[in-house]
Amino acid sequence: MAGPKSSGKAEKQGREPFDYGLLLCVLILVVFGLVVLYSTSAYNGRVKFADSAYYLKKQFFATSLGLAAMYAVSRIDYHKWERLAPLGYLVSILLSTAVLFFGDEYNGSKRWLSLGPLSFQPSEFAKVAVILLLASVISRRVRKMKSLKQMFLVMLLILPIVGLVGTNNLSTAIIIMGIAVILVFVASPKYLQFVAMGGLGVGFLAIFLSVESYRLERLAIWRNPEAYEKGYQTLQGLYAIGSGGLFGVGYGQSMQKLGFVPEAQNDMIFSIICEEFGLVGAVLLMLLFLLMGWRLLMIAVHVTDLFGCMIAVGIMGHMMIQVILNIAVVTNTIPNTGITLPFISYGGTSVLFLLSEMGLALNVSRHVTK
């Protein structure tokens, strides 16, 4: 990929304004996410906690923290994070290891660590840590990235976190691996080598799936959800999508969120969006995500150094992979992997770190060339 230089300090901080197009996309998604979350979660909140706004309140609190973090990170020169990247990656490994021994289990998955009354998912922090680490490593070794050996060495760096996260959270492990592949692909001048890497990746995934029987069961459910009790969520999500038609049944009027789609405010929230806003609303939301991806790509192309370019590419890859996989799961295009829809699905840790990533991207956008 031609464009940014691999060395040299960026020009003085604050010379360029933020990318207001990216900022507008983020703010629209955040507001829309809160609006949709209230509609989707009101029934569950009323039934479980006698408070229809229970989930909205918690998400609003996390979003407020996230917006504050986004502003703070956007004011810090992104070059300062480069020397902290190895430490951040080490912390992510330690936290992911702690989950295996001290993690809290919800709905059969051990993904959370508790700190007093607060709990968070270290896997969300791991995504940011991996982006910063690989951006630093690749920007320093870019002249060697044409070597297949160097490409494998870079990929080997993230295998520890992929293995640790994948133990209880295969979907996030796939996202982290996907981020790494995109960064290496963008930095490498040779593309045929990715055929070999792709083959190894498929083999690794096949072994990983076969280790646990429940992962193979998910494949069977995906192929024939009607034959399995666990296919209920998938079927109800598809019913919701079909019920929406072209323009939807109207905001707050979804029937499937009334206990038919389990935990509708989480992974399956896109199905309720389709039901209430129809195909038109779903397409507009996807176009908004595409616009965000395009703005991140423009930042990557025009930033003054390769480290900033890699950060923007990594964030773009994270967003697009997660959006595509979530929508693919909801529409039963791929097996259910428990991936949330960025800025929309319920999840405090997710929205906090997503907004922090956006702050990082906004800071990088202040160093673009016109």
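Some points to look at:
- Some residue of the stretch 91-106 being more than 15 Å from ASN168 (Cβ to Cβ), in a helix (DSSP H, G or I) and either aromatic (Phe, Trp, Tyr) or more than 20 Å from the chain's Cα centre (by Cα) (or both): yes
- Within the stretch 123-167, the set of residues being in contact (Cβ under 8 Å) with a residue 40 or more places away in the chain, among the charged types (D, E, K, R) and surrounded by 15 or more Cβ atoms within 10 Å (Cβ to Cβ) comprises GLU124, LYS127.
Rundown of residues vs (1) outside any helix (DSSP H, G or I); (2) modelled with pLDDT under 90; (3) touching a Phe, Trp or Tyr at 6+ places or on another chain (Cβ under 6 Å), yes/no style:
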| site | (1), (2), (3) |
| --- | --- |
| TYR55 | no, no, yes |
| ALA72 | no, no, no |
| LEU87 | no, no, no |
| PHE152 | no, yes, no |
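- The stretch 27-52 - residue that is among the aliphatic types (A, V, I, L, M) and surrounded by fewer than 16 Cβ atoms within 10 Å (Cβ to Cβ) and, of those, farthest from LEU284 (Cα to Cα): ALA50
- Among the residues making up the stretch 335-370, those that are surrounded by 23 or more Cβ atoms within 10 Å (Cβ to Cβ), hydrophobic (A, V, I, L, M, F, W, C) and outside any helix (DSSP H, G or I) are ILE339, LEU341, PHE343, ILE344.
- The residue that is nearest to the chain's Cα centre (by Cα), among those in the stretch 232-261 that are free of Cβ contacts under 8 Å to residues at least 40 places away in the same chain, open to solvent by less than 50 Å² (accessible area, probe 1.4 Å) and closer than 16 Å to SER39 by Cα, is VAL261.
- Filter result for the condition that a residue is closer than 21 Å to ILE182 by Cα and at pLDDT 95 or above, over LEU306, LEU290, LEU284, LEU325: LEU290
The values are calculated or read from the model by the stated rules, or taken from the named source; none is laboratory data. Everything numeric here is computed off the predicted structure, so don't read it as measured data. Every residue, glycine among them, receives a Cβ derived from its backbone with ideal geometry; neighbour counts consider all protein chains shown. In case anyone asks, the SASA skips ligands and DNA or RNA and just uses the protein heavy atoms, side chains included. Shrake-Rupley method; radii C 1.70, N 1.55, O 1.52, S 1.80 Å.
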